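**Q** Please read through the structure below; I'll follow up with questions.
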Amino acid sequence: MSMSDVLTLLDNGVMVIRFNRPDKKNAITEAMYDMLRESLEQAETDAEIKAVLFTGDAACFTAGNDLRDFMAHPMKDRNAPVLRFLRTAAVFPKPMVAAVNGSAIGIGTTLLLHCDLVVAGEQAVFQMPFVNLGLVPEFASSLLLPRQVGHVKAAEWLLLGNRFSAQEALAAGLINKVVADTDTLEAGRSWAQELAKRPPEAMQAAKRLMKGEGYAEVLKSIDAEAEIFQERLRSKEFATAVASFFQR
Ligand code: COA
């Protein structure tokens, strides 16, 4: 783990938050969740920052939670770094954009439910394999995904947990736009910059109107999921799934 596993930079009023652990497919560790949350807290208080852009690298957005880390430090309570990050991101008041190339697994997909605009490269692959791993959906995806794409599609993605393509994500309304892989970052960057140029008070008021009433419900869902998720992390089903992942 190094400080550079999450990179942030300021780009014309946009905080770019980049998953940067390419040798582990940008899998997110506890320390990275702390860095992600601290970056969002900074972005929230700094008036110069008007929007946030999440991205990974050309090959991978993120492979989701680091499974080794989850085995080693299963979350203990509400103050677990991952849960603090989820709550912060879920109610983040400024617009958030994601530019997705490659694999977006687990939280790599559920994070998108909290972003305001999402662009993906045509080769991007999405997956929410929680049940396959003996886990349950997180980040309020059990609430937000059925709402956003309908129960039919949500059941396919959350219960079967198979991979799906950028075109499928677009057709279901999970993401806004699909572009050539080489154009993804620039497309996300340009959207984030545009958002950053709009009047910031109106922008935040509009986002609050769109989401504000729902925040309490989303936070409640994050807590309810986490309670079961924590138990599942200690289950035999999870241990077996993780062992089989690392034994391939
Ligand atoms: N946690 C911990 N390590 C992970 C990881 C994760 N979620 N995802 C990938 N890695 C590690 C691999 O163990 C491997 O490490 P090694 O080089 O030390 O053996 C390295 O990252 C490269 O992964 P690999 O699977 O060889 O790359 P790939 O290109 O064949 O596949 C993925 C990429 C993302 C499709 C695949 O790694 C994957 O499915 N990862 C698990 C995703 C997952 O279940 N996430 C949890 C959701 S809750």
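The values are calculated or read from the model by the stated rules, or taken from the named source; none is laboratory data. What you are looking at is a predicted structure, and each value in this text was computed from that prediction instead of being measured. For neighbour counting, all protein chains shown are included, and Cβ atoms are generated from backbone atoms with ideal geometry for every residue, glycine included. Just the protein is used for accessible areas: all its heavy atoms, side chains included, with ligands, DNA and RNA removed. Shrake-Rupley method; radii C 1.70, N 1.55, O 1.52, S 1.80 Å.
**Q** I want the antiparallel fraction of DSSP beta bridges within the stretch 100-232, as a percent rounded to 5.
**A** Beta bridges within the stretch 100-232, antiparallel portion: roughly 20 percent.
**Q** Also: Classify the chain as rounded, prolate or oblate, taking a ≥ b ≥ c as the square roots of the eigenvalues of its Cα gyration tensor: rounded when a/c is under 1.5, otherwise prolate if a/b is larger than b/c and oblate if not.
**A** rounded
**Q** Ok, one more. What is the stretch 116-248's relative contact order, in percent, from Cα pairs under 8 angstrom and six or more apart in sequence?
**A** 39
**Q** May I ask for the net charge around K207, where only other residues with Cβ less than 13 Å from the Cβ of K207 are counted and Lys, Arg are +1 while Asp, Glu are -1?
**A** +1
**Q** Any idea of the accessible area per residue across the chain, 1.4 Å probe, to the nearest Å²?
**A** Per residue, the chain has an accessible area of 46 Å².
**Q** Just going by the charge dipole of the chain, with Lys and Arg at +1 and Asp and Glu at -1 on Cβ, which of F130, I17, G188 is farthest out on the positive end?
**A** F130
**Q** While we're here: In the neighborhood of E41, defined by Cβ-to-Cβ distances under 11 Å, what is the net charge if each Lys or Arg adds +1 and each Asp or Glu adds -1?
**A** Surrounding charge for E41 is -2.
**Q** Which distance in Å, rounded to a whole number, links the C-alpha centroids of the stretch 107-143 and the stretch 185-239?
**A** Here the two parts' Cα centres lie 11 Å apart.
**Q** If T88, T240 are ordered by their accessible area, calculated over protein heavy atoms with a 1.4 Å probe, which sequence runs from highest to lowest?
**A** From most exposed to least exposed: T240, T88.
**Q** A further question on this structure: Let me have the relative contact order for the chain, percent, based on Cα pairs under 8 Å that are six or more residues apart.
**A** Normalised by residue count, the contact order of the chain is 21 percent.
**Q** Something else now. Tally Lys and Arg at +1 and Asp and Glu at -1 over the other residues with C-beta under 15 Å from the C-beta of P146: what net charge comes out?
**A** Residues close to P146 contribute a combined charge of -2.
**Q** Let me ask something else. What is the calculated FRET efficiency for E194 to L219, with r their C-beta to C-beta distance and R₀ = 22 Å, to the nearest 0.05?
**A** Efficiency for this residue pair is about 0.15.
**Q** Additional query: Under 5 Å between amide hydrogens, which residues at least 5 positions from V125 or on another chain qualify, with H placed 1.01 Å from N in the peptide plane?
**A** Residues meeting the amide H criterion: G102, S103, A104.
**Q** Along Cα→Cβ, 7 Å out, is where each label goes; now give me the distance between the ones at S244 and Q204 in nm to one decimal.
**A** Placing both labels 7 Å along Cα→Cβ, they lie 4.8 nm apart.
**Q** For each pair in K94/K197; K50/K211; K153/K207; K50/K220, compute the distance between the two Cα atoms and list the pairs where it is over 19 Å.
**A** Distance filter (> 19 Å) returns K153/K207; K50/K220.
**Q** Another question, then. Hey, got the dipole for the chain? About the Cα centre, +1 on K and R Cβ, -1 on D and E Cβ, debye to the nearest 20?
**A** It comes to approximately 320 debye.
**Q** Let me ask something additional. Show me, for the stretch 19-24, the HN-Hα J-couplings you get by feeding each phi into the Karplus relation (A = 6.51, B = -1.76, C = 1.60, θ = phi - 60°), rounded to Hz, glycine and proline as x.
**A** 5, 9, 9, x, 5, 10
**Q** Would you mind checking which residues have amide H under 5 Å from L53's amide H? H placed 1.01 Å from N; only 5 or more apart, or other chain.
**A** Hits under the 5 Å cutoff: M15, V16, I17, V97.
**Q** For the chain, take the longest principal axis of its alpha carbons; what is the angle in degrees between that and the long axis of helix 236-247, to the nearest 10 within 0 to 90?
**A** Helix 236-247 sits at roughly 80 degrees to that axis.
**Q** How much of the accessible area of the stretch 3-181, in percent, comes from carbon and sulfur atoms when a 1.4 Å probe is used?
**A** In the stretch 3-181, the share of accessible area belonging to carbon and sulfur is 52 percent.
**Q** Also, I was wondering about something else. Rounded to the nearest 5, what is the percent of antiparallel bridges among the DSSP beta bridges in the stretch 3-181?
**A** Roughly 25 percent of the beta bridges in the stretch 3-181 run antiparallel, per DSSP.
**Q** Report, largest value first, the span of the C-alpha coordinates of the stretch 1-105 along each principal axis, in whole Å.
**A** Extents along the principal axes: 39, 33, 22 Å.
**Q** To continue, here is another question. Hey, can you rank 52-65, 203-216, 4-17, 101-114 by average C-beta count inside 10 Å, highest first?
**A** 101-114, 52-65, 4-17, 203-216
**Q** Decide, for the stretch 128-234, between rounded, prolate and oblate: order the square roots of the alpha carbon gyration tensor eigenvalues as a ≥ b ≥ c, take rounded if a/c falls under 1.5, and otherwise choose prolate if a/b is larger than b/c, else oblate.
**A** Oblate shape, in that a/c is at least 1.5 and b/c is the bigger or equal ratio.
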